[in-house]
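Taking it in order: structure first as structure tokens, then the write-up.
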Amino acid sequence: QQIGSAQYVGHDTQGGALKVRVLGRDAQDTQWLARRWRGLAYRDPPRSVAVGRVEQVEHEALATLMAAQAGVRTPEVVTAALGPTGDAVVVTRQPDIEPLESMTAEKVSDELLEQLCQEVSRLHGAGISHNRLNAGNVLVVDGEPMLVDFEAATLGAPQSALDIDVAELIVACTVLVGPDRALKNAVAAGWGDAIGRALPYLQRAALTPHLRDLARAHE
């Protein structure tokens with residue numbers, strides 16, 4: 001359960017793993033407040049999208065599909081619709097496994113980190129910012145990274161949003177494997193210029209609350 005939404009896992013009739021996100025009536029107000037806060041915090045915020053519940057799940061589905069079209073490894077979208085009780089639902093095919101951030105540093109290979117940076121490069125090449133790009137929204141499926149949970153994504157994102165994505169992921173990887181490995185693999189993936197642009201955003205105000213808490217706990 002999150003503010004404004006609830007998440008469930010299950011299976012389809014063929015036994016495939018499903019994830020279901022349900023947005024209740026307070027989800028619209030929650031998203032509005034989040035956009036207002038971001039607009040006050042940054043002079044060049046990501047563009048506002050998705051005001052209603054149906055629009056929110058449709059936007060998440062569209063962002064996921066467009067990322068997949070750009071070659072990013074994402075879950076398969078099953079449906080995004082309004083349910084019979086007025087709640088909006090978005091359903092994707094993805095395994096019910098712990099995210100990357102739950103893994104120990106010893107189990108996270110340099111190859112995996114480099115692959116993750118390459119996935120993000122494809123995402124940004126399509127002009128899409130994830131806006132919650134931390135290791136909690138990355139799954140490792142068959143040894144390769146998969147980006148999930150595109151509900152906060154921005155299509156046609158401004159450069160500032162892409163740079164914040166990079167800052168978020170660099171901090172998340174630093175918490176996961178330490179600063180030396182995080183930086184080395186980001187540079188190896190061709191992120192030299194991206195890291196330079198992201199430096200002004202390496203501050204707590206630019207990070208998601210989840211990652212701020214992790215960063216504070218790991219100094």
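The values are calculated or read from the model by the stated rules, or taken from the named source; none is laboratory data. Worth saying up front: this structure is predicted, and the values here are computed from it rather than measured. For neighbour counting, all protein chains shown are included, and Cβ atoms are generated from backbone atoms with ideal geometry for every residue, glycine included. With ligands, DNA and RNA removed, areas are computed over all heavy atoms of the protein, side chains included. Shrake-Rupley method; radii C 1.70, N 1.55, O 1.52, S 1.80 Å.
Tell me the residue from 78, 89 that is in contact with a strand residue (DSSP E or B) (Cβ under 6 Å, 6 or more places away or on another chain) and either open to solvent by less than 50 Å² (accessible area, probe 1.4 Å) or modelled with pLDDT under 95 (or both), please.
89
Looking only at region 208-218, count how many residues are under 21 Å from residue 180 (Cβ atoms) and free of Cβ contacts under 8 Å to residues at least 60 places away in the same chain.
The number of residues fulfilling the criteria is 4.
Is there a residue being modelled with pLDDT under 90, assigned to a loop (DSSP other than H, G, I, E, B) and within 26 Å of residue 116 (Cα to Cα) anywhere in region 46-53? Even if it seems obvious, please write down each step before you answer.
Restricting attention to region 46-53, the residues satisfying the condition of being modelled with pLDDT under 90 are 46-53.
Still in the running and assigned to a loop (DSSP other than H, G, I, E, B): 46-52.
If we keep only those that are within 26 Å of residue 116 (Cα to Cα) too, we end up with 46-47.
The answer is yes, given that some residue of region 46-53 is modelled with pLDDT under 90, assigned to a loop (DSSP other than H, G, I, E, B) and within 26 Å of residue 116 (Cα to Cα).
Mind counting the residues in region 68-112 that are among the acidic types (Asp, Glu), within 16 Å of the chain's Cα centre (by Cα) and farther than 21 Å from residue 168 by Cα?
1
Assigned to a helix (DSSP H, G or I) and either surrounded by 20 or more Cβ atoms within 10 Å (Cβ to Cβ) or touching a Pro at 6+ places or on another chain (Cβ under 8 Å) (or both) - does that describe any residue in region 121-129?
Among the residues of region 121-129, at least one is assigned to a helix (DSSP H, G or I) and either surrounded by 20 or more Cβ atoms within 10 Å (Cβ to Cβ) or touching a Pro at 6+ places or on another chain (Cβ under 8 Å) (or both), which makes the answer yes.
Which count do you get for residues in region 193-219 that are of a type in the set (Gly, Ala, Ser), at pLDDT 90 or above and surrounded by fewer than 16 Cβ atoms within 10 Å (Cβ to Cβ)? Talk me through it step by step, then tell me what you get.
Of the residues in region 193-219, the ones of a type in the set (Gly, Ala, Ser) are 194, 196, 198, 205-206, 215, 217.
Remaining after also requiring at pLDDT 90 or above: 194, 196, 198.
Subsequent filtering for residues that are surrounded by fewer than 16 Cβ atoms within 10 Å (Cβ to Cβ) retains 196.
Counting residues in region 193-219 that are of a type in the set (Gly, Ala, Ser), at pLDDT 90 or above and surrounded by fewer than 16 Cβ atoms within 10 Å (Cβ to Cβ) gives 1.
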